[in-house]
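What follows is a single structure, written as structure tokens, with notes after it.
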Amino acid sequence: MYRSQRLALKYLAAAIGFFGVMTLAGLMSAYYYINPDFLFGILHFNIAKTLHIDTLVIWLLMGFMGAIYWFLPEELGIETVGIRAAEIMFYLFCLVVLAVAAIFVVVQYGGSDNAGMWLVNQGRKYVEAPRWAAACIVLVMLVFSYNLIGTAIRARKITGIMGVLIVDLVPLVVLYLDAFPAFRNMSVDLFWWWWLVHLWVEATWEVLIGCIMALALMSLLGTSRRIVETWLYIEVALVLGTGILGLGHHYFWIGTPQYWLAIGGFFSAFEPLPLLGMVVHAIYDAGTHHMKTSNRPAFYWMLAEAFGNFIGGGVWGFMITLPQVNLYAHGTQWTASHGHFAFWGAYACGVISVAYLVLQRIRGAASVDGTAWRWAFAALNFGLIGMVGTLLVSGFAQAFIERAVGGSTLEAFINAQESAWFVDGMYARFACGLIFAAGYVALVYDLLTIGRRVPARAAQPALP
Ligand code: HEM
Ligand code: HEM
Ligand SMILES: [Fe+2]
């Protein structure tokens, strides 16, 4: 095994660990909605929610990096260049995340002056980390880029997938730098912040997960490189073609010029197309290979990724993307319903798939099949889809009662928050969150014991 692959294992383990922190913080955030006195004066809702969504971004990023450190030496046939630096960066990354989480909990409010921005919190949703931490993360990403490009140069070889991956590194890092400046004008600030959030999840990350799933398909099903790379090029062209100007669907109500209504509505309406392409691709490959694989969990999670990406991102996103609908849906639990479904489908399922793929190879288990992964798969997906459904009910209540009927007054806002539809949706979401959390426990149990259970049975003394 390459050193790069041992590092991959560390990254994947850290990813699954932070996935647990994210789940706990999510459950807490959901509980405030049904009991607003929860941890009153000790931990504010906004801090729990920040922990929830920041660890979400971090664990997915760590999962992607783990996947790439795993596939890179196999793809290019040599050890990753600069692996020592990469190993140091892993520990730096973990330390920074833990330190930032501790700072958030210790300093829960304060001014938005320069010192606060550098040391405590930058206040931008999803990327709240203070500037010193953001600088460390940039360093981690730069070393990661050096690993990829350096390895390609030393191997004197570049495959189609690697080419796409390397080009994708540029926007990946450059867009993150967006988390630094501080504009005094709220509209300008939001304008650039969306470049990071939208162009990461609906462009750069889609390309990244497209590359990772392409590598996983070849590894899982033995799909030919020619087929996988052809699809990848088509998907990337479509993602960039629809996603870049699709950015406009966040510019409807933040003070940008009116033409964004047309641009955002038009281009983002086509955004489901590349995601549909990814589903067709996965089914096509699975069909060609008669769904035959020795790694069922990885395969099922990969199919969940393809469908989840299309339905959660494409269909749920499409629902709220036309300005005529977004006027009512904007910033409600309807948005949260889409956010959960899309992040889960597009990215979380992909990382879990790679974790199974890697574990099968490391533990040398002939088969990773069993019952535990089925329980985990069922509870996580059932819990998540349950949350998506219940959030939709609460979101509809807000769009209808607060916006359409009430005309967005303060009184209408309160009416919506107190309506039975909204409140019941919040209770049911918490219940589904508990099922999801149980699924997480089953997942961790399965990942820890896979391949270790089988040899135990084989070790039983044979009857004479
Ligand atoms: C136990 C499971 C989970 C629970 C109980 C939960 C709960 C919550 C809550 C209460 C919020 C705050 C919403 C608000 O401000 O009103 C939130 C936000 C969010 N969560 Fe979760 N969550 C869970 C799992 C997940 C998972 C698995 C993902 C993605 C893979 C995720 C992604 C997000 C995102 C993207 C947001 C921000 C959405 C927005 O503000 O529109 N969550 N979650
Ligand atoms: C699969 C990738 C995607 C992910 C991970 C994702 C995630 C998210 C998240 C987390 C938000 C909430 C942002 C916030 O306010 O904090 C959001 C908002 C939004 N998404 Fe997506 N999304 C994806 C794809 C799409 C697609 C393909 C469309 C359109 C077809 C779309 C349309 C929208 C719209 C219109 C909003 C704004 C909702 C509002 O005004 O409150 N998304 N998305
Ligand atoms: Fe977007």
(message) Consider the range 293-308. How many of its residues are assigned to a helix (DSSP H, G or I) and in contact (Cβ under 8 Å) with a residue 60 or more places away in the chain?
(response) 10
(message) When the residues of the range 208-227 are narrowed to those that are among the β-branched types (Val, Ile, Thr) and either over 23 Å from residue 68 (Cβ atoms) or crowded, with 22+ Cβ neighbours inside 10 Å (or both), which ends up nearest to ligand 2 (Cβ to nearest atom)?
(response) 209
(request) Out of the residues in the range 238-262 that are touching a residue at least 12 places away in the same chain (Cβ under 8 Å) and among the aromatic types (Phe, Trp, Tyr), state the one that is farthest from ligand 2 (Cβ to nearest atom). (result) 260
(request) Could you pull out the residue among 312, 331 that is part of a helix (DSSP H, G or I) and either within 16 Å of ligand 1 (Cβ to nearest atom) or among the polar types (S, T, N, Q) (or both)? (result) 312
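Do you know which residues across the range 244-253 are within 13 Å of ligand 3 (Cβ to nearest atom) and either assigned to a helix (DSSP H, G or I) or hydrophobic (A, V, I, L, M, F, W, C) (or both)?
Applying the first criterion (within 13 Å of ligand 3 (Cβ to nearest atom)) to the range 244-253 yields 244-252.
Hits for the range 244-253 are 244, 245, 246, 247, 248, 249, 250, 252.
Anything in the range 79-114 that is within 24 Å of residue 218 (Cα to Cα) and crowded, with 17+ Cβ neighbours inside 10 Å? List them, or say none. I'd like the intermediate steps shown before the answer.
Within the range 79-114, the first condition is being within 24 Å of residue 218 (Cα to Cα), and the residues that meet it are 79-81.
Hits for the range 79-114 are 80, 81.
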(request) Return yes or no: is residue 302 within 16 Å of ligand 2 (Cβ to nearest atom), at pLDDT below 95 and crowded, with 23+ Cβ neighbours inside 10 Å? (result) no
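Out of 371, 409, report the one residue that is more than 14 Å from ligand 1 (Cβ to nearest atom), at pLDDT below 95, more than 23 Å from the chain's Cα centre (by Cα) and among the hydroxyl-bearing types (Ser, Thr, Tyr).
371
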(request) Please specify each residue of the range 311-329 satisfying the condition of being surrounded by fewer than 19 Cβ atoms within 10 Å (Cβ to Cβ) and within 6 Å of ligand 2 (Cβ to nearest atom). (result) 318
(message) Consider the range 1-37. How many of its residues are among the hydrophobic types (A, V, I, L, M, F, W, C) and either farther than 25 Å from residue 129 by Cβ or within 16 Å of ligand 3 (Cβ to nearest atom) (or both)?
(response) 3
(message) I want to confirm something. Restricting to the range 247-279 and keeping residues that are surrounded by fewer than 19 Cβ atoms within 10 Å (Cβ to Cβ) and within 16 Å of ligand 1 (Cβ to nearest atom), which single residue is nearest to residue 306 (Cα to Cα)?
(response) 252
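Quick one: which helices (runs of 4 or more DSSP H) lie wholly within the range 112-213 and hold at least 2 residues that are more than 19 Å from the chain's Cα centre (by Cα) and among the β-branched types (Val, Ile, Thr)? Steps first, answer last, please.
Details: elements: 114-119, 131-155, 160-176, 186-199.
Those helices (runs of 4 or more DSSP H) span 131-155, 160-176.
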(message) Being farther than 30 Å from residue 146 by Cα and touching a residue at least 40 places away in the same chain (Cβ under 8 Å) is the filter here; which residues of the range 89-110 pass it?
(response) 104, 105, 108, 109
(request) Could you give me the residue pairs with C-beta distances under 9 Å whose first residue belongs to the range 311-325 and is of a type in the set (S, T, N, Q), whose second residue is within 6 Å of ligand 2 (Cβ to nearest atom) wherever it lies, and which are 6+ apart or on separate chains? (result) 321/249; 321/268; 321/271
(request) With the condition kept exactly as written, say whether any residue in the range 358-380 is among the polar types (S, T, N, Q), surrounded by 17 or more Cβ atoms within 10 Å (Cβ to Cβ) and part of a helix (DSSP H, G or I). (result) yes
(message) Suppose we filter the range 45-78 for residues that are among the hydroxyl-bearing types (Ser, Thr, Tyr) and either surrounded by fewer than 23 Cβ atoms within 10 Å (Cβ to Cβ) or in contact with a Ser or Thr (Cβ under 8 Å, 6 or more places away or on another chain) (or both); how many remain?
(response) 1
(message) Looking at the range 191-201, can you tell me whether even one residue there is aliphatic (A, V, I, L, M), away from ligand 3 (no atom under 16 Å from the Cβ), in contact with a Gly (Cβ under 8 Å, 6 or more places away or on another chain) and more than 26 Å from residue 292 (Cα to Cα)?
(response) no
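The values are calculated or read from the model by the stated rules, or taken from the named source; none is laboratory data. Predicted, not measured: the structure shown is a model, and the values here were computed from it. Backbone-built Cβ (ideal geometry, glycine too); neighbour counts: all protein chains shown.
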